[in-house]
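The values are calculated or read from the model by the stated rules, or taken from the named source; none is laboratory data. Remember, it's a predicted structure, so these values are computed and weren't measured experimentally. FYI the Cβ positions are ideal-geometry reconstructions off the backbone, even for glycines, and counts take in every protein chain you see.
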Amino acid sequence: MGFRLVTLNLNGIRSAASKGFVAWAAEAGIDCMGVQEVKAQHADVSGRFDRIGDLQGHFHFAQKKGYSGVGLYSRKAPSAIVTGFDGGEFDAEGRWVAARFDTRRRRFSVISCYFPSGSSGEERQAAKYRFLECIFPHLTALAAQREFILVGDINIAHREIDLKNWRSNQKNSGFLPEERAWLTRLLDAGLVDVFRTLNPNPEQYTWWSNRGQAWAKNVGWRLDYHLATPGIAAKARRETIYLARRFSDHAPLIIDYDFGL
């Protein structure tokens, strides 16, 4: 018995579908999948992308059309769905959807979350810092209440090993000292970067710029994560960054866990 969990920033669900994402996801043996940057509204998804094969989708859409939005697909019906976490600025941007799979013996959630990017300027970088400040106590409190795996594009490369050109990116959003320190603090508080427990190797990237020949030259960043509470993280067995086909500027990150829902 196993649990296959995938995360993928779609950079638009309709765009990713045009590149074969839906057919791939239906055949990939997925138990649960978090997607980010859906860039769609309910009317765009309903009847088209709310089911993929045996997977039922649950979404948190941004109020602004064509912006952000997250989804979570699951083979097993959740005991509850929770959308949003801050009740304000970031809930309006559609950045959090959680599926609970609770039983009498276990309280467990899978969360699809999309952290803001600060790369478009100082205003969005300030918003990113507000997001980090807001979500930190939420995650630590949640970890005290239940086991969970948060998957998503967190828009932070943690260590020098996590991006190709780290020296030239030390003043760029995604690799700023304050962002990296925040992630270190989160891991010190008890959450686990599951991929790195399984794969310590360099050049393991999940995002490549569309500029130049970043994909061809593997000039990438590791921005997509499974962040888990320790008990669940210890059950991770295999990791794969799926590179055979491209559905967006991000690659699917697949981790197989040794447990069942």
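Residues that are buried (at least 18 other Cβ atoms within 10 Å of the Cβ) and closer than 30 Å to Asn172 by Cα: does segment 139-149 have at least one?
yes
Just to check your reading of the model, which residue among Gly190, Gly260, Gly231 is more than 23 Å from Ser117 (Cβ to Cβ) and touching a Pro at 6+ places or on another chain (Cβ under 7 Å)?
Result: Gly190 is the single residue among Gly190, Gly260, Gly231 that is more than 23 Å from Ser117 (Cβ to Cβ) and touching a Pro at 6+ places or on another chain (Cβ under 7 Å).
Just one of Ala77, Ala99 is touching a residue at least 12 places away in the same chain (Cβ under 8 Å) and either buried (at least 23 other Cβ atoms within 10 Å of the Cβ) or part of a strand (DSSP E or B) (or both); which is it?
Ala99
From the list Ala23, Ala28, which residue is closer than 22 Å to Thr240 by Cα and touching a residue at least 40 places away in the same chain (Cβ under 8 Å)?
Ala28
Given the criteria farther than 18 Å from Leu150 by Cα, among the polar types (S, T, N, Q) and either touching a strand residue (DSSP E or B) at 6+ places or on another chain (Cβ under 7 Å) or surrounded by fewer than 22 Cβ atoms within 10 Å (Cβ to Cβ) (or both), does Ser68 qualify?
When the stated conditions are applied, Ser68 does not pass them.
Could you list, in sequence order, all residues of segment 233-261 that are under 21 Å from Lys76 (Cα atoms), crowded, with 22+ Cβ neighbours inside 10 Å and either hydrophobic (A, V, I, L, M, F, W, C) or modelled with pLDDT under 95 (or both)?
Listed by number, the residues that qualify are Ala236, Leu253, Ile255.
Select from segment 217-232 the residues that are within 16 Å of Leu163 (Cα to Cα) and crowded, with 17+ Cβ neighbours inside 10 Å and list them in ascending order.
Val219, Gly220, Trp221, Arg222, Leu223, Asp224, Tyr225
Please specify each residue of segment 193-217 satisfying the condition of being polar (S, T, N, Q) and under 21 Å from Ser117 (Cβ atoms).
If the condition is that a residue be polar (S, T, N, Q) and under 21 Å from Ser117 (Cβ atoms), then Gln204, Thr206, Ser209, Asn210 are the ones that fit.
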